[in-house]
1. Of all residues being over 11 Å from the mean Cα position of the chain (by Cα), in a helix (DSSP H, G or I) and charged (D, E, K, R) in the range 4-43, which is farthest from Val82 (Cα to Cα)? Just the residue, please.
2. Inside the range 44-73, can you point out the residues that are in a helix (DSSP H, G or I) and closer than 12 Å to Leu6 by Cα?
3. Please name all residue pairs, on different chains or six or more residues apart, with Cβ atoms under 7 Å, provided the first residue is in the range 53-77 and is within 13 Å of Val29 (Cα to Cα) and the second residue is small (Gly, Ala, Ser) and exposed (fewer than 13 other Cβ atoms within 10 Å of the Cβ).
4. Across the range 1-22, what is the total count of residues that are modelled with pLDDT of 95 or more and more than 19 Å from Ala89 (Cβ to Cβ)?
Amino acid sequence: MNKVVLVTGGAQGIGKAIVLELVKNHYDVVINYLTSNKAAALLEEEIKKNYDVRVMTIQADVSKEEEVNTMISLIEKEWGGVDILINNAAVDLSNLFHLKTADE
């Protein structure tokens, strides 16, 4: 059985690129997303059509412990757990990186 990788923020951008590399290398993937419902569904469909791996999408806010616990419980129930975690989810408060504070 393939290793299970959870990618937070995995529906678009860098997260999507990570997910696609993982499935190309025969990893099963869990795509976590917060608001990118359509992008997550399209990516899941693309993976199911083109790769021989398992894929699951889960909407959860990773800044909320209860939602993370629910997500992990679902993955454990369906697939036995997570082998690899890629924490990609982030909030970008502006496009001006040089103006960000350490807290941001």
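1. Lys38
2. Here is the first cut: in the range 44-73, the residues in a helix (DSSP H, G or I) are 44-50, 65-73.
Result: Val68, Met71, Ile72.
3. So the pair list comes out as Ile75/Gly81.
4. 1
The values are calculated or read from the model by the stated rules, or taken from the named source; none is laboratory data. Just so we're clear, the structure is a prediction, and the values are computed from it rather than from any experiment. A quick note on method: Cβ atoms are made from the backbone with ideal geometry, for glycine too, and the neighbour counts reach across all protein chains shown.
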